[in-house]
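First the structure, in the form of structure tokens, and then the observations on it.
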Amino acid sequence: MAIKRILLIDDEETFSRALKLYLERTGRYVVRVESGGAFALEAAKVFRPDLILLDVIMPDIDGGTVAAQFREDTTLSRIPIIFLTAAVSRDEVKTRSGVIGGERFIPKPVSAQEVLALIESPVTLGANE
Amino acid sequence: MIQLGEQHYRCVIESARDAILWTDLDGAILSWNQGAAAMFGYTAEDMVGRSLTELLPERFRDPAMPGLARFDGSGYGRFRGTMELIGRRKNASEFWIELAFSEWTSDAGSFLSAVIRDITERKRVEEELRSANAQLSERRRALEEALQKLNTAHEDLQETQLQLIHVAKMESVGRLAAGVAHEVKNPLATLLMGLDVLTDHYPVYDADLAILLRDMKTAVKRADKVIKGLLDFSAPHQLEKTAQSINGIVEQALALVKHELDRCHVSVEKHLDNAIPCLAIDRTKLEQVFVNIFMNSVQALQAGGSIRVETAVRTGEIYVLIDDTGPGVPPDKLHKVFDPFFTTKPTGKGTGLGLTVSKQIVEMHGGTITLSNKPSGGARVQVAFSIGKGVAHGH
């Protein structure tokens, strides 16, 4: 199985470090962390991720704007995006089957197993295998 | 003392403004002075020999004589005393008179003398006084009524003020909660992810370390639960109202806690009134209310027991009564049960926000929620909604 590339855009550096460590320890992923939205687009063009995990509330640009920028860029628009944020509650995500306003969400705090399950689901990276 | 002759007495009588006359014991007039002539319009020639009762309106004449007889037999006096009557002038006009009688005897026999005074002015003043008194009483009554209304308004104002203070307090707690929640969830996310890294990717050979890591995960999840409660509390105060059956919401809430009911061996007795009307309510939020109430009961019934749920309509309100057979709430804690972060559960078992959020949701629907201890033991939660405030149609 080919190693998948994940771009994690989150200003919470300690969380990003822990998630990167967890995912890379599985041996199935390589993770690049961006601590803000300002350089996310440029980073993605260089890194060519298979998946983007994106925080919502960030000091420079909010996650919604970053996602819109990705979708407007024809070279990046097909990359799946999952919002990973403390801005939504577990109940909100659960009652809407993980999709809010057409976007997929993971609420923080979240266990690594839940993140893995969503990443590897058929609608995310599972379909590419 | 000056001795006066009959002529002098006659002058005194004739110059008096009052009507002074005398009659025989049958009431036939024998003497009629100038005062009487001026008062009634009859001359002495007109009246001498006629009955005294002709000075009264016709409608009073028949009753007047028995009245005089009663007065005579009353023991008060031998025709001594005064009475107020309606008099009638020659021109048929009527007016108030005061009639003073006395009986006297001379060589010629027994006679009655009568002094009649026109008391029209006195009566007018008395009537004015009575009217003024009545107006005064009416004004006093109106003032007392206004005072009562003022007192009620003052009490309402105090109540509203307390409610506003409560709302302001709750809103400030809500704003604080929303801000804190986001800032706390991110470090919790780091802790949880770090613990997953340790447990899943690093071998843990020490049993105590494994327990420690598990406890740390539990602690993180507990903190997250508190944050969830805070977010519920600070959630936007908007309701998505649709016509719903309270019975359906109660049933759904019971289904959601079924696992916990079974696990703790808690039986449920339902008495749901099928005749209660639908209400315009937010189903999800009210399910949350009843889940909170049922979970409180379950947690109070760790050794097993039962919950009784009743729905009913009474005097324009829909009631939901939830009784349990648990230990109830200590009486000195009852007034605090809806306060944020108040809990009687063991540390870690409750956030202290369940009933606070429930109360907030019920009040957003214009309803009330109370918690009390039953005399027979156990706690009772009563949730009530006014049918007028949120009634939909149909059953």
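Using the Cα atoms of region B:1-57 to build a convex hull, what is its mean projected area in square nanometres?
4.7 nm²
Charges at C-beta only: +1 for Lys and Arg, -1 for Asp and Glu. How large is the resulting dipole of region A:4-121 about its Cα centre, in Debye rounded to 20?
Computed charge dipole of region A:4-121: roughly 540 debye.
Counting only other chains, and only Cβ atoms inside 10 Å, what mean value do you get across the residues of B:218-225?
Rounded to a whole number, the mean comes out at 2.
Select from B:SER15, A:ALA67, B:ALA300 the residue farthest towards the positive end of the dipole of the protein assembly as shown; place +1 on Cβ of Lys and Arg, -1 on Cβ of Asp and Glu, and compute about the Cα centre.
Farthest along the dipole direction, towards plus: A:ALA67.
Using θ = phi - 60° and the Karplus relation 6.51 cos²θ - 1.76 cosθ + 1.60, list the HN-Hα couplings for region B:181-194 in order, rounded to whole Hz, with x at every Gly or Pro.
Result, ordered by residue: 4, 5, 6, 8, 5, 5, x, 4, 5, 5, 4, 5, 5, x Hz.
To the nearest 20 debye, what is the magnitude of the charge dipole of the protein assembly as shown about its Cα centre, counting +1 on the Cβ of each Lys and Arg and -1 on the Cβ of each Asp and Glu?
1460 debye
For the charge dipole of the protein assembly as shown, defined by +1 on Lys and Arg C-beta atoms and -1 on Asp and Glu C-beta atoms about the Cα centroid, which residue among B:LEU209, B:ALA114, A:LEU8 has the Cα displaced farthest towards the positive pole?
B:LEU209
Would you grab the residues whose amide H sits under 5 Å from the one on A:ALA38? Only those 5+ places off in sequence or on another chain, please, with H modelled 1.01 Å from N.
A:ILE61
Rank these for me by crowding, A:TYR22, B:TYR205, A:TYR29, going from fewest to most other beta carbons within 10 Å.
Placing the least packed residue first, the sequence is B:TYR205, A:TYR29, A:TYR22.
Would you mind giving the mean number of other chain beta-carbons within 10 Å of the Cβ of each residue in A:108-117, as a whole number?
The per-residue average across the peptide is 6.
Relative contact order, percent, of region A:4-121 when contacts are C-alpha pairs under 8 Å separated by at least 6 residues?
Dividing the mean separation by the residue count of region A:4-121 yields 22 percent.
Pick from A:ASP55, A:ASP73, A:ASP11 the residue whose mean-square fluctuation is largest in a GNM of chain A, springs joining Cα atoms under 10 Å.
A:ASP73
Report the equivalent ellipsoid semi-axes for chain B in whole Å, largest first, defined as the square roots of five times the eigenvalues of the gyration tensor built from alpha carbon atoms.
Ellipsoid semi-axes (Å, largest first): 99, 23, 19.
With springs only between Cα atoms under 10 Å, which of B:GLU183, B:GLU14, B:GLU144 fluctuates most in a Gaussian network model of chain B?
Comparing B:GLU183, B:GLU14, B:GLU144 in the GNM, the peak value goes to B:GLU14.
Please report Rg (one decimal) and Dmax (integer) in Å for the Cα set of the protein assembly as shown.
Taking only Cα atoms of the protein assembly as shown, I get Rg and Dmax of 48.5, 155 Å.
Please compute the average number of Cβ atoms from other chains found within 10 Å of each residue's Cβ in peptide B:192-203.
Per residue, the average neighbour count from other chains is 6.
Could you work out the pair-distance distribution P(r) of region B:207-329 from its alpha-carbon pairs, with 5 angstrom bin width and percents rounded to whole numbers?
2, 10, 15, 17, 17, 16, 12, 5, 3, 2, 1, 1, 0
Which pairs in the list B:LYS185/B:LYS225; B:LYS185/B:LYS359; B:LYS185/B:LYS228 are over 19 Å apart, alpha-carbon to alpha-carbon?
Cα-Cα > 19 Å for B:LYS185/B:LYS359; rest within.
Per the Kirkwood definition applied to all pairs of different Cα atoms, how many angstroms is the hydrodynamic radius of region A:4-121?
This gives a value of 14.2 Å.
By a straight-distance test (C-alpha under 12 Å), which aspartates and glutamates pair with B:LYS241 as possible cross-link partners, with residues fewer than eight away in the same chain excluded?
B:ASP282
Along the charge dipole of the protein assembly as shown, pointing to its positive end and built from +1/-1 on Cβ of Lys, Arg, Asp and Glu, which listed residue (A:SER35, B:VAL381, B:ALA37) has its Cα farthest out?
Selected residue: A:SER35.
Using a simple spin-label model with points 7 Å from Cα along the Cα→Cβ vector, what separation in nm is obtained for B:LYS270 and B:GLN34?
Between B:LYS270 and B:GLN34, the simple spin-label model gives 10.6 nm.
Coordinate-derived values only; no laboratory data. Since this is a predicted model, take the numbers as computed values, not measurements. All Cβ positions, glycine included, derive from the backbone under ideal geometry; neighbour counts span all protein chains shown.
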